[in-house]
Amino acid sequence: MELIRIKDLEKKYKTGVTAIYDFDLKVKKGDFIFVIGASGSGKSTLIRMLYREEKPTKGSIIIGGVDVAKLRNRKVYKLRRKLGIVFQDFKLLPKLTVYENVAFALEILGLPRDEIRKKSMNALNLVGLKNKAKNYPDQLSGGEQQRVAIARAIVNDPKLLLCDEPTGNLDPETSWEIMQVLEEINKLGTTIIMATHDKEMVNRMKKRVILIDAGRLKQDYAKGTYTHEIV
Amino acid sequence: MKLFRLLGRSIRDAFKSVFRNFSLSLASISSVTITLLIVAISMVLSYNIENISTLIKKDFSIVVFVENSATNDEVKTIEKKIKNMDNIDSCVYENKEQVAEAWKKSSDTFKVIIESWDKNENPLADTFSIKVKNIENIKETAEQIKKIEKVSLVRYGEGIIEQLLSVLEVIEKFLIGMVIALILVTIFLVSNTIKITIFSRRKEIEIMRLVGASNSNIRMPFVIEGLFLGFLGSVVPILATIYGYSALYNFVHLDNISPFLQLAAPTPFIYIISLILLLIGTIVGMFGSAGSVRKYLKI
């Protein structure tokens with residue numbers, strides 16, 4: 001089953017820079033895809049278009065039957081509620097506890113309290129942070145904070161999880177732990193698209209790898225290893 | 001049901017955020033408090049000046065002298081004609097004996113002089129004392145009365161009254177202008193303070209957007225917070241108005257100096273001002289934060 005189909009995608013910024021062009025891609029449900037490429041190659045732009053933070057200048061991005069490229073600003077929240085996003089800098093609210101940070105994503109949906117509690121604790125359990133629910137983000141390590149962010153991203157059972165360099169701020173060992181968590185989530189059926197720099201980790205995971213070079217899809221490796229030199 | 005849950009959560013988040021961002025909240029509250037205090041003072045001031053000027057205006061009267069040759073019937077006709085005019089509030093007739101009595105009472109000097117007259121020698125005239133409804137038209141009314149037969153003289157403080165009226169008018173206009181200007185300053189100051197508070201929380205708004213909060217999801221807690229801050233900020237000015245003005249009214253008696261210098265009665269005046277302050281505080285708070293959040297929403 002196809003979850004995402006990108007056709008003829010182009011993104012030109014107002015400054016005149018073309019970040020992405022001639023881009024086509026199909027993603028199956030349950031895929032785990034790495035998007036790699038040098039800094040400035042356009043991989044972040046691609047991810048940002050997938051959650052409609054950027055609007056493509058041409059082409060279409062169809063996610064679950066909806067063309068995200070045509071989505072109006074006011075309706076973007078409908079898309080965001082169906083997917084989870086994880087960032088390099090975690091983007092947790094420092095004044096909310098771990099539990100509140102996770103529950104936040106459900107509260108805006110107007111779910112009943114019991115359901116919020118159950119789902120949030122499940123998500124925290126999945127990332128192994130059930131016992132830190134009452135802590136504040138600054139009391140946690142970087143890896144733990146990222147796991148909170150992942151819990152928040154998956155708490156609403158999204159079909160798709162987007163990760164923009166989630167391990168960019170973490171040491172190799174912690175990065176590997178995060179990958180284990182993501183792998184676990186992927187096994188439960190969530191499609192994951194992850195932009196990263198970490199060549200070693202990508203090779204170790206043996207997943208589908210997409211190489212973007214200067215805004216173009218250069219290579220699509222079905223399984224794992226890639227040999228291209230990237231900066 | 002869902003709507004109530006969302007509303008409830010917005011209210012809870014608004015309260016939480018007031019306490020978690022305490023120093024920012026305090027900044028907003030105190031800027032509301034200070035400006036509303038100034039607004040309250042200027043409203044009290046302008047209302048009292050208005051009150052004094054009404055007292056002064058009320059005191060003005062037209063005095064009409066009737067010719068000595070007028071018969072009783074003619075006097076009655078004059079009275080009737082005067083009372084039929086539009087601008088007449090009250091019209092009191094005194095014959096010359098009554099006028100003489102009144103003068104005797106008013107000063108010892110007059111008493112001695114008047115008592116030296118013969119009974120039939122009274123040089124005073126029968127008079128009407130007239131209060132008008134609208135002081136601005138006193139001149140026209142006086143002219144009209146002058147045209148009545150057997151009326152010899154009409155006096156209404158010509159010259160002085162026009163000057164006084166124009167001075168009072170200027171003062172009133174100035175004070176109303178000041179109150180409006182102060183309200184505008186309040187709106188500006190408060191919404192600016194809120195803007196700064198929200199600027200420091202733009203990251204929060206960004207994250208809300210990323211996890212799928214709709215624009216109204218984001219706006220609601222901020223609007224409620226603005227309302228709450230505005231409410232808290234108006235508490236001190238309201239208490240100051242109610243208790244401060246009542247105390248002022250009880251302890252200061254300017255009417256010893258002049259009968260016109262009277263403070264306006266505190267009720268219902270202080271409650272009206274309190275209501276106005278409350279409305280300004282909450283509405284400015286609400287719209288200030290709604291407007292500031294808007295900048296960080298993608299619409």
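Key figures
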quantity	calculated
Enumeration of residues in region A:91-101 that are within 10 Å of another protein chain (Cβ to nearest Cβ) and closer than 22 Å to residue A:167 by Cα	A:91, A:92, A:93, A:94, A:101
Cβ-Cβ under 9 Å pairs, at least 6 apart or on other chains, region B:1-23 side facing chain A (nearest Cβ under 9 Å), far side assigned to a helix (DSSP H, G or I) and hydroxyl-bearing (Ser, Thr, Tyr)	B:6/B:216; B:17/B:25; B:21/B:197
Residue list for region B:103-146, restricted to those being within 42 Å of the chain's Cα centre (by Cα), small (Gly, Ala, Ser) and over 26 Å from residue B:54 (Cα atoms)	B:107, B:125
Filter result (part of a strand (DSSP E or B), surrounded by fewer than 21 Cβ atoms within 10 Å (Cβ to Cβ) and among the aliphatic types (A, V, I, L, M)) within region A:60-102	A:62, A:66
Subset tally (residues that are closer than 16 Å to residue A:29 by Cα and among the β-branched types (Val, Ile, Thr)) for region A:155-204	5
Filter pass, residue A:60 being away from chain B (no Cβ under 14 Å) and among the hydroxyl-bearing types (Ser, Thr, Tyr)	yes
Residue A:55 vs. criteria touching a residue at least 12 places away in the same chain (Cβ under 8 Å) and within 14 Å of chain B (Cβ to nearest Cβ)	yes
Any helices (runs of 4 or more DSSP H) falling wholly within region A:135-223 and containing at least 2 residues that are within 14 Å of chain B (Cβ to nearest Cβ) and of a type in the set (A, V, I, L, M, F, W, C)	A:142-154
Sole exception among (1) under 26 Å from residue B:215 (Cβ atoms); (2) modelled with pLDDT under 90; (3) not aromatic (Phe, Trp, Tyr) for residue A:17, by number	(1)
Verdict on residue A:8 being more than 19 Å from the chain's Cα centre (by Cα) and modelled with pLDDT of 90 or more	yes
Verdict on residue B:224 being of a type outside the set (Gly, Ala, Ser), in a helix (DSSP H, G or I) and more than 14 Å from chain A (Cβ to nearest Cβ)	yes
Candidate set: region B:202-220, residues that are under 27 Å from residue A:161 (Cβ atoms) and in contact (Cβ under 8 Å) with a residue 12 or more places away in the chain; chosen: the one farthest from the other protein chains (Cβ to nearest Cβ)	B:202
Listing of helices (runs of 4 or more DSSP H) fully contained in region B:31-144 that carry 2 or more residues being among the polar types (S, T, N, Q) and farther than 24 Å from residue B:171 by Cα	B:72-83, B:96-106
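The values are calculated or read from the model by the stated rules, or taken from the named source; none is laboratory data. It should be emphasised that the depicted structure is a prediction, and the values quoted were computed from it without experimental measurement. Every residue, glycine as well, gets a Cβ built from its backbone with ideal geometry; the counts of neighbours run over all protein chains shown.
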